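Structure first, commentary second.
The values are calculated or read from the model by the stated rules, or taken from the named source; none is laboratory data. Keep in mind it's a predicted model, so treat the numbers as computed, not measured. Positions of Cβ are backbone-derived with ideal geometry, glycine not excepted, and every protein chain shown enters the neighbour counts.
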Amino acid sequence: MIRESLKADFVCHAINTEGDPSAGGSHAHAPSDKPGQCSDGVANQNVQLLFLTPRGEIFHTVSGFRGPSSLKQELAFTKLLFNKIKTDPDSAKSIVQRAHRERRDDQSGSRGSSGRNRSRSGGGGNLRRSLQFDYTFAKKYPLLPMQEFERNPRLLVGNGSSMFVSGAAVGGRIGG
Amino acid sequence: MRRLICATLALASAGALAGERNSNVRFWTDNTGDFTVSGELTSSDRDSITLLLSDGDRVRVPLRRLSSADRAWLRLEGYSHQPSSTEISGIEWFADLKDAQAIAAGSNRTADDKPIMCFRALGDLSGFM
């Protein structure tokens, strides 16, 4: 299902973030290693999905690992949002901000949600933190050109390589 | 394109069997693998090629509608602007964002645009698939 959606609905592009200031240095694995157990939101420093328009503008981000069910929801959200942008390009920035705000509210249950999505935000600190990264990024940098993001990838998940480089890692969080 | 391919398949096949003197005359397959057409490659740009069919019609085909084998052939034949991609687990991954952008905006119709999913990860892509 996910594979079919990626093939049909998306154009896929990959970037190796090795050496990137936002990439973490902990828990490195060789590609051939058997994958360990992961929960949604972990490794937000080491794995991110950026969703771009064909013009290279970022309209949605997913920081950290996502399991199949969660990833499926992200892809559905992305497709819906992209279609909205396409139909009203002049309002694209506000559409992106509003969609993420509504999504955040829905996840937190502040809009009177039945709790359908609360499990996502309630799935653990890692996921809550990742969702917050993604929401804050969309709010502050809607449709940020990818070229600008590449100049400063810390805009999404902060500094990852060393707590000494910036104050972003104060509190002991280093890497993914 | 599907309708066009269906309509021209018989004519194109006959023309191809009559003799392919030009090296750019070949069978082209779409990205579903269901449809094939014979035509001469007459021009190409970053996101499409133009084929001359045996009935004299010219048709522009977005690269994203071509099979990965046809895109690989274009690269091998020296169409250097053709995007470089790797197929892993049935998903085509573009190494260059500009190529991904060209494919994502495959036609002049905004309605046909696709979003790009950029996978940023610590390590070589093959380790994650």
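Considering only residues of segment A:81-93 that are more than 11 Å from every other protein chain (Cβ to nearest Cβ) and in contact (Cβ under 8 Å) with a residue 12 or more places away in the chain, which is surrounded by the most Cβ atoms within 10 Å (Cβ to Cβ)?
A:Ala92
Sort out which residues of segment A:37-58 are buried (at least 23 other Cβ atoms within 10 Å of the Cβ), more than 7 Å from every other protein chain (Cβ to nearest Cβ) and of a type in the set (A, V, I, L, M, F, W, C), and write them in order of number.
Within segment A:37-58, A:Ile58 is the sole residue that qualifies.
Show the residue pairs meeting these rules: Cβ distance below 6 Å; 6+ apart or different chains; first residue within segment A:116-137 and surrounded by 15 or more Cβ atoms within 10 Å (Cβ to Cβ); second residue in a loop (DSSP other than H, G, I, E, B) and modelled with pLDDT under 90.
A:Gly123/A:Asp40; A:Asn126/A:Gly41; A:Asn126/A:Val42; A:Leu127/A:Asp40; A:Leu127/A:Gly41; A:Ser130/A:Gly41; A:Ser130/A:Asn44; A:Ser130/A:Gly64
Output the qualifying pairs, or none if there are none: Cβ atoms under 6 angstrom, residues six or more apart or on different chains, first residue in segment B:97-117 and farther than 14 Å from B:Arg65 by Cα and more than 7 Å from chain A (Cβ to nearest Cβ), second residue buried (at least 20 other Cβ atoms within 10 Å of the Cβ) and of a type outside the set (Gly, Ala, Ser).
Pairs that qualify, where the first residue is farther than 14 Å from B:Arg65 by Cα and more than 7 Å from chain A (Cβ to nearest Cβ) and the partner is buried (at least 20 other Cβ atoms within 10 Å of the Cβ) and of a type outside the set (Gly, Ala, Ser), are B:Asp99/B:Pro83.
Which residue is surrounded by the most Cβ atoms within 10 Å (Cβ to Cβ), if the candidates are limited to segment B:88-129 and must be under 14 Å from the mean Cα position of the chain (by Cα) and modelled with pLDDT of 80 or more? Steps first, please.
Of segment B:88-129, the ones under 14 Å from the mean Cα position of the chain (by Cα) are B:92, B:94, B:99-100, B:102-107.
Next, only the ones that are modelled with pLDDT of 80 or more stay: B:92, B:94, B:99-100, B:102-105.
On the way: B:Glu92: 20, B:Phe94: 22, B:Asp99: 20, B:Ala100: 27, B:Ala102: 23, B:Ile103: 24, B:Ala104: 25, B:Ala105: 22.
Taking the candidates together, the pick is B:Ala100.
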